[in-house]
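First, the structure itself, so that you have it in front of you.
The numbers here are math on the coordinates, done by the rules we state, and not lab data. Bear in mind the structure is a predicted one, so any value in this text is a computation, not a measurement. Note that we place each Cβ from the backbone using ideal geometry, even for glycine, and neighbour counts take in every protein chain shown.
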Amino acid sequence: MRAVYILWLRQLKRYSRSPARVIGSLGQPLLFLLALGFGFGPTFSRATGGGNYIQFLAPGIISMGILFTAFFSGIEIIWDRQFGFLKETLVAPVSRLQISLGRTLGGATVALFQGLVVLVVCLVAGFRVAQVVLLPVAFVFMAMIAIFFTALGTAIGSVLEDMQGFPLVMNFLVMPLFFFSNALFPIAGLPKVLQLFIRLNPLSYGVDGLRGALGSAFVFGLGMDFVALGFLTAILLGIGTYLFSKIEV
């Protein structure tokens, strides 16, 4: 497992060498938090009889910061392939399973750190953790979201050869996954068709688990959130590892 550790450490070093990447990746979550949190706050309060929209929105924004950072780690595979770095890694006397696992865990760790930064920003904006004792549970859900979308990015990055196609996949896959989840609005009162889409969305279980652990009520239940997201993460991790092992350089 030494190779897994080395590749995990390599991903962290890449991230640490680019402070602009940290700042830049905060732009979109911060925009959503301020524009939606304070813009729709009064409307949400009237609709829910005094509810605080920042308290509801913050877990979704934290998930947003994690998923985009995690998914974009897959573009590094295309980048490394085009410039020959991936070939140097694959010819090493290490199984591709360990290489894929190391890259995935490294990307997920970076995304988890990004989520923690967004959490701090949310605290500054007025979000409050209702049950500190459940913070470890929240970190578990953050980690699973990070691994899920890093594995998704790895799977797509292993298939695509053109870097320009990666943003297109994001627009047609990742953005709908975010907006058709319960990150921005509650499920109650939505049309049945939209509720079905939300329940079929893996991110919905991650957001619900994170929101419940940070103080709000669980909609699907803690056990359901953990089992559903954990099962889908394991499947996608296997798919991403398989597709990475089939890369030809």
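If you average the sequence gap of Cα pairs under 8 Å that are 6 or more apart and divide by the length of region 2-245, what percent do you get for the contact order?
So the answer I get is 27 percent.
Treat every Asp and Glu Cβ in region 2-245 as -1 and every Lys and Arg Cβ as +1, leave all other atoms uncharged, and give the resulting dipole magnitude about the Cα centre to the nearest 20 debye.
280
What stretch of the chain, leaving out the sites themselves, is the longest with no trypsin sites (Lys or Arg not before Pro) in a DSSP loop having at most 13 other Cβ atoms within 10 Å?
Values: sites that count: R17, R128, K246.
By the stated rule (loop sites, at most 13 other Cβ atoms within 10 Å), 129-245.
Using only the alpha carbon atoms of region 91-189, find the Kirkwood hydrodynamic radius as the inverse mean reciprocal pair distance, in angstroms to one decimal.
16.0
Related question: For the chain, which DSSP H helices look membrane-span-like by this rule: Cα extent along the axis of 30 Å or more and mean Kyte-Doolittle of at least -1.0?
96-125, 135-159, 222-245
Could you identify which residue out of A58, A188, A35 has the top mean-square fluctuation in a GNM of the chain using Cα springs shorter than 10 Å?
Maximum among the listed residues: A188.
Put a dot 7 Å past each Cα toward the Cβ at L34 and A217; how far apart are the dots in nm?
3.4
According to a simple spin-label model (label point 7 Å from Cα along Cα-to-Cβ), what is the distance in nm between Q82 and V132?
Between V132 and Q82, the label points sit 4.8 nm apart.
What FRET efficiency would be calculated for the residue pair F180, I235, taking the C-beta separation as r and a Förster radius of 30 Å, to the nearest 0.05?
On the way: r = 20 Å, r/R0 = 0.66.
Efficiency, rounded to the nearest 0.05: 0.90.
Hey, what does the equivalent ellipsoid look like for the chain, semi-axes from the Cα gyration tensor as sqrt of 5 times each eigenvalue, largest first, whole Å?
33, 18, 17
FRET efficiency for A125 and K246, Cβ-Cβ distance as r, R0 = 30 Å, nearest 0.05?
0.10
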